[in-house]
Amino acid sequence: MASPRVRKIADRIQVIVAEMLERRIKDPRLGFVTVTEVRLTGDAQNATIYYTVLGEDADQQATATALESAKGVLRSEVGKQLGMRHVPTLAFEFDGVPETARHLDELLARAREADAAVAAARAGAQPAGEADPYKKPREAEPDEEAEDAE
């Protein structure tokens, strides 16, 4: 678990980078980017910035290229605003969590449809054998009991 200081710095880096991408970086390759999370090492030397991009694979590739080219400007702005002696290096990673969540939602929807189909087929079904398939001990009739007693 990261210390409160490291978490606070990571949150501040997330805000700074998001504001810079929105206001100051004017790269036409940069798509609709959302900074989802920043993970900072315990010594605050390396920051991994996770982001998502709205659009196709080509948009994601162009955005990755634009972020790599803007890395120096973003790092210098992070250093200015944080006022730290050693500014963490920035690494950008595409966040695949939204696609994974979407895929899991699709799988759950298919499972619900399959469950509904099984429930509909089960609604009018009858047992294959007798109504009570379990074996029961033979019960003697009253006439047989009298004969057995003699």
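A few remarks follow.
- A58-V97 FRET efficiency (beta carbon distance; Förster radius 25 Å; 0.05 resolution): 0.75
- GluC sites (Glu not before Pro) restricted to segment 1-100 and DSSP loop, no more than 10 other C-beta within 10 Å: E56
- 5 angstrom amide H check on F92, placed H, neighbours 5+ away: I49
- Computed 3J(HN,Hα) for segment 33-43, one whole-Hz value per residue from the Karplus formula 6.51 cos²θ - 1.76 cosθ + 1.60 where θ = phi - 60°, is 9, 10, 7, 8, 7, 10, 10, 10, 5, x, 8, glycine and proline marked x.
- Applying 0.36 nm per residue to the separation of D27 and T41 and subtracting their alpha-carbon distance, the gain on full extension is 2.2 nm.
- Using every pair of distinct Cα positions in the chain, the Kirkwood expression returns a hydrodynamic radius of 20.8 angstrom.
- Taking amide hydrogens as placed 1.01 Å from N in the peptide plane, the amide H of V87 sits under 5 Å from that of no residue at least 5 positions away in sequence or on another chain.
- Karplus (6.51, -1.76, 1.60) ³J(HN,Hα), θ = phi - 60°, over segment 106-115, in Hz, Gly and Pro reported as x: 5, 5, 5, 5, 5, 5, 5, 5, 5, 5
- Close amide-amide hydrogen proximity is noted between T36 and Y50, Y51, T52, each under 5 Å apart and 5 or more residues distant or on a separate chain (H modeled in the peptide plane; Pro and chain starts excluded).
- For segment 10-15, 3J(HN,Hα) per residue [Karplus equation, 6.51 cos²θ - 1.76 cosθ + 1.60, θ = phi - 60°, Hz, x = Gly/Pro]: 4, 5, 5, 4, 4, 5
- Candidate lysines for bridging to K80, where Cα separation is under 21 Å - those fewer than 8 sequence places away on the same chain excluded: K8, K26, K71
- Computed on the chain, with alpha-carbon pairs under 8 angstrom and 6+ residues apart, the relative contact order is 20 percent.
- Over the residues of the chain, the helix contribution to mean residue ellipticity at 222 nm works out to -17500 deg cm²/dmol, using -39500 (n - 2.57) for each DSSP H run of at least 4.
- Residues of the chain were split at every exposed loop site, defined as trypsin sites (Lys or Arg not before Pro) in a DSSP loop with at most 12 other C-beta atoms within 10 angstrom, and the longest piece left, sites excluded, is 27-84.
Any read-out appearing in this document is the output of simple, stated calculations on the displayed coordinates, not a laboratory observation. Treat the numbers as computed from the prediction; the structure is a model and nothing was measured. So basically every Cβ, Gly included, is an ideal-geometry build from the backbone, and we count neighbours across all protein chains shown.
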